[in-house]
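Here's the structure, in structure tokens; my notes come after.
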Amino acid sequence: MTTPPTPPPPTPPAPSPAAEAEKRASFEREALVHLDSLYRVALRLTRNAAEADDLVQETMLKAYRAWDQFEKGTNAKGWLLTILRHAFINEYRRRTRHPETVDLDAIEPFSVFSELQDEDPQGTFFDRIVDDEVLRAIDGLPEQFRETVVLSDVEGLSYEEIARMLKVPVGTVKSRLFRARRLLQRQLYDYAVGMGYIKGSPR
Amino acid sequence: MSRRINCREAVEQLYEYLDRELTPATELAIRQHLAECPPCCDHFDFEQLFLEFLRARCRAQGAPPELKHKILRELFDE
């Protein structure tokens with residue numbers, strides 16, 4: 001008696017064109033709409049336009065491959081930013097070690113508002129500071145502060161969302177944001193004094 | 001009637017207030033404090049302005065149009 005031949009293992013069915021079209025449509029609708037956000041975060045993380053381009057492309061590619069696992073209708077922006085951040089940590093940060101440029105001890109005591117409450121309590125000097133100067137100030141922050149401030153102040157994520165993404169306690173997000181904002185104010189204040197927009201007080 | 005808070009407590013929670021991260025009760029307590037305390041009110045306004053300024057300056061930048069085309073090409077062979 002001969003054993004019957006074992007049937008070949010079933011091959012997974014190729015996705016139908018309709019399923020592919022639906023996948024593409026939902027990806028464009030829910031993921032590609034966040035391209036500007038991804039690019040802004042990528043640019044602040046890498047501080048380099050060409051690397052930001054590559055990082056975003058890679059993120060979108062990974063996201064599309066994993067798109068079936070993404071629970072549609074939930075927070076795609078957070079999901080995409082998490083992929084982007086992992087890609088950045090694994091591939092880009094390793095290649096380039098930027099020196100951190102800010103003196104952490106100089107952060108807490110200085111409050112720009114206290115310095116300026118007589119001269120410019122409405123902060124009108126901010127209006128005279130150009131975009132590039134602000135971006136330069138952000139790029140000068142230590143990486144942990146930089147990513148926290150970008151996720152919060154630029155992209156509007158909640159403390160909870162940021163904490164989950166960075167895998168740190170909410171209290172850490174709070175203290176990083178506080179320090180990062182104070183550092184930025186300080187940088188922009190020094191810049192404005194240097195440009196003669198405000199007199200400031202001698203330190 | 002909510003709990004009254006002083007200037008130090010208000011300023012300690014300044015960013016959480018501006019980021020809308022507080023409970024409604026604490027938020028209300030701070031709002032009441034600000035209504036009665038012009039110096040704190042100025043301070044909060046200043047910080048609010050700073051955050052709006054930061055956001056506006058940074059959001060001016062978006063992805064370059066070629067990047068979207070590159071991605072579409074790569075994903076869908078267009």
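The values are calculated or read from the model by the stated rules, or taken from the named source; none is laboratory data. Just so you know, these numbers come straight off a predicted model, no measurement behind them. Because the Cβ atoms are built from the backbone with ideal geometry, glycine has one as well, and the counts that use them run over all protein chains shown.
Couple of notes before you dig in:
- Test: residue in segment B:20-39 that is surrounded by 19 or more Cβ atoms within 10 Å (Cβ to Cβ), touching a helix residue (DSSP H, G or I) at 6+ places or on another chain (Cβ under 8 Å), modelled with pLDDT of 90 or more and more than 7 Å from every other protein chain (Cβ to nearest Cβ): yes
- Neighbours by Cβ (under 8 Å, 6+ apart or cross-chain): first from segment A:119-133, part of a loop (DSSP other than H, G, I, E, B); second of a type in the set (G, A, S) and surrounded by 13 or more Cβ atoms within 10 Å (Cβ to Cβ): A:E119/A:G200; A:I129/A:A192
- Cβ separations smaller than 6 Å between residues 6+ apart or across chains give the following pairs from segment A:29-57 residues that are more than 18 Å from B:E74 (Cα to Cα) to residues that are in a helix (DSSP H, G or I) and of a type in the set (D, E): A:R47/A:D139.
- Residues that are in a helix (DSSP H, G or I) and either modelled with pLDDT of 95 or more or over 20 Å from A:H86 (Cβ atoms) (or both), drawn from segment A:138-147: A:I138, A:D139
- Matching residues, segment A:119-174, being of a type in the set (D, E, K, R), closer than 29 Å to A:A76 by Cα and in contact with a Phe, Trp or Tyr (Cβ under 8 Å, 6 or more places away or on another chain): A:K174
- Qualifying residue in segment B:48-64 (condition: crowded, with 17+ Cβ neighbours inside 10 Å and over 30 Å from A:A49 (Cβ atoms)): no
- When segment B:56-73 is filtered for residues that are at pLDDT 90 or above and in a helix (DSSP H, G or I), the ones remaining, listed by number, are B:P65, B:E66, B:L67, B:K68, B:H69, B:K70, B:I71, B:L72, B:R73.
- Residues considered: A:L135, A:L151. Of these, the only one that is out of contact with any His (no Cβ under 6 Å at 6 or more places or on another chain) and crowded, with 21+ Cβ neighbours inside 10 Å is A:L151.
- Residue check for A:A180: crowded, with 19+ Cβ neighbours inside 10 Å and hydrophobic (A, V, I, L, M, F, W, C): yes
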